[in-house]
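What follows is a single structure, written as structure tokens, with notes after it.
The values are calculated or read from the model by the stated rules, or taken from the named source; none is laboratory data. Being a predicted model, the structure only gives us computed values, none of them experimental. Cβ placement follows ideal geometry from the backbone for every residue including glycine, while neighbour counts extend to all protein chains displayed. Side chains are part of the model used for accessible areas, which takes the heavy atoms of the whole protein and leaves out ligands, DNA and RNA. Shrake-Rupley method; radii C 1.70, N 1.55, O 1.52, S 1.80 Å.
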Amino acid sequence: MTAHIDKGALRSSLQRLREAAFDADVAGVMKRTVDAVHGVFGYGGAGVMFITESGYLSYVAASDEAGRQLEEAQASAGQGPCYESYVYARAVVSSDVHADSRWPELRTRLSAQVRAVAGTPILLGGSPAGTLNVYRDEPVEWDRSDVNALTAYSRLIAEVLAAALAVQEHGIVADQLQYALDYRVVIERAVGYLMGTHHLDAVTAFDVLRRRARDSRRRVADVATEILGGSTGPAGDDRVGDLAPRT
């Protein structure tokens, strides 16, 4: 089966959501957004995740229980299309996660109800703060219209959250977003440094940061700053040697 998005339905749905984009209840807007993705385009479900201080993507809103479980499974496994979408700042899709060899640990944590999965980054200032994720309960080949629709929704979510920060909206969603916005540059620099120093791909380098933050009970941004030697530049190899991935 091939997924496809109706452009007219997309424009209409986005316009309705944009009209409500400045609601003070940011979490409520997120919930309406994932419900719209779910309802308008016939996906099995949708969800929104944001990066936490420990470097994990944490779900903020989900349209249904299977969508919530998908997000929690990726957070627990530390892998999946949504994680890669965040790290690489681009859309990542899988026609069937149960047959996808890229994320073996994720496959063991998902129910049979979740098959095709797609994730797109939520970008603020050109850098990812989280992801918008959708799934279907049968294998599908995602087409360009699906990716374009998800990207449009991701941009709308970014608009909503940027507006919330502009009026100093408080709450779990806004605080989580503010953290991602404040520290995205140092985290990206540290990921790049680890990639070059240890010849890692971006996902593995990010996992190194996250694991060290977890093991030392610190924020991932603090670990990133340490790797970079404070604010002045990269640390010496003796500062980062213990961060190399385990084999």
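Can you tell me which residue is farthest from Val186 (Cα to Cα) among those in segment 138-153 that are of a type in the set (D, E, K, R) and at pLDDT below 90?
Filtering segment 138-153 for residues of a type in the set (D, E, K, R) gives 138, 141, 143-144, 146.
Next, from what is left, pick out any that are at pLDDT below 90: 143-144, 146.
Values: Asp143: 34, Arg144: 32, Asp146: 32 Å.
Only one residue fits best here, namely Asp143.
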Subject >> Single unsatisfied condition, Val208 versus (1) open to solvent by 30 Å² or more (accessible area, probe 1.4 Å); (2) at pLDDT 85 or above; (3) among the β-branched types (Val, Ile, Thr) >> reply: (1)
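Going by what's in this entry, would Gly125 be described as touching a residue at least 24 places away in the same chain (Cβ under 8 Å) and open to solvent by 40 Å² or more (accessible area, probe 1.4 Å)?
yes
If a residue has to be open to solvent by 30 Å² or more (accessible area, probe 1.4 Å) and closer than 23 Å to Arg218 by Cα to count, how many in segment 57-79 make the cut? Don't jump to the end; show me each part of the working.
Taking segment 57-79 and keeping what is open to solvent by 30 Å² or more (accessible area, probe 1.4 Å), we get 58-60, 64-65, 68-69, 72, 76, 79.
With the extra rule that they be closer than 23 Å to Arg218 by Cα, the set shrinks to 58-60, 72, 76, 79.
Looking only at that region, the number is 6.
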**OP:** Could you list all residues from segment 80-118 that are surrounded by fewer than 22 Cβ atoms within 10 Å (Cβ to Cβ), free of Cβ contacts under 8 Å to residues at least 60 places away in the same chain and within 20 Å of Val208 (Cα to Cα)?
**Re:** Ala89, Arg102, Pro104, Glu105
Original post:
Can you tell me which residues in segment 141-157 are under 17 Å from Cys82 (Cα atoms) and open to solvent by less than 10 Å² (accessible area, probe 1.4 Å)?
Top reply: Asp146, Ala149, Leu150, Tyr153, Ser154, Ile157
Original post:
What are the residue pairs meeting all of these: first residue in segment 36-59, first residue touching a residue at least 12 places away in the same chain (Cβ under 8 Å) and assigned to a loop (DSSP other than H, G, I, E, B), second residue among the polar types (S, T, N, Q) and open to solvent by 10 Å² or more (accessible area, probe 1.4 Å), Cβ atoms under 9 Å, and 6 or more apart or on different chains?
Top reply: Tyr43/Ser63; Gly44/Ser63; Gly44/Gln113; Thr52/Ser58; Thr52/Gln176; Glu53/Gln176; Tyr56/Ser76
Original post:
Which number in (1) more than 28 Å from Arg217 (Cα to Cα); (2) open to solvent by 10 Å² or more (accessible area, probe 1.4 Å); (3) of a type in the set (Ser, Thr, Tyr) marks the one condition that Ser54 misses?
Top reply: (1)
Original post:
Can you tell which of Glu105, Glu84 is modelled with pLDDT of 85 or more, assigned to a helix (DSSP H, G or I) and closer than 24 Å to Leu161 by Cβ?
Top reply: Glu84
Original post:
Is segment 185-193 home to any residue that is among the aliphatic types (A, V, I, L, M), more than 22 Å from Gly80 (Cβ to Cβ), surrounded by fewer than 19 Cβ atoms within 10 Å (Cβ to Cβ) and in contact (Cβ under 8 Å) with a residue 40 or more places away in the chain?
Top reply: yes
